[in-house]
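Take a look at the structure set out below.
Values quoted throughout were computed directly from the atomic coordinates according to the rules given, and no laboratory measurement underlies them. Just so we're clear, the structure is a prediction, and the values are computed from it rather than from any experiment. With ideal geometry, Cβ positions are generated from the backbone for all residues, glycine too; neighbour counts draw on all protein chains shown.
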Amino acid sequence: MPSAYSTLVSLLKAVGRTSSELNRIRHSPATIWAIASLSLFIDTFVYTLTVSMLPDILQNTMHSPASANGVVTTMFGVGSVIGSTVSGILSDRLRERRGLQMIGAVVYSVAGIVFYFARHYYQVLLFRLIDGIASG
């Protein structure tokens, strides 16, 4: 019967092998291209759905004027400029990009989900601005 120490050592060796294999897969060019392509597809798909449904939501549900479509789209662009400027300054000062990217991804996802539950025009504007900031 193996001792607890030898079992622990063999377990740690197995984890080390698994970790090195995962690192090899994680850093391979094929994996990076696949993840980047999937992210771009999802982002483009969601953005296309948002833009195509926006006039119907604003005019028929919220009874906003037709010019409201452009304002909502502009809010995302303004937020993106603000977010990219602030995140660029922060990443240079903190020398930390991964944490900022993770925070941005979470905020982008949450703001995008909450955006679909907005019932008033000002909520749509606010969440598109937050979505843009997180995207930047």
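Here are the numbers:
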read-out: Residue 37 paired with residue 73, simple spin-label distance in nm, labels 7 Å along Cα-to-beta-carbon; value: 2.9 nm
read-out: Sequence-distant residues sharing a close amide H with residue 136 (under 5 Å, placed H); value: 83, 84
read-out: Which label in (i) 77, 35, 29; (ii) 50, 37, 37; (iii) 51, 30, 22 gives the computed Cα extents along the principal axes in Å; value: (i)
read-out: Amide N of segment 75-114 lying under 20 Å from the label point, which is placed 7 angstrom from the Cα of residue 23 along Cα→Cβ; value: 97-99
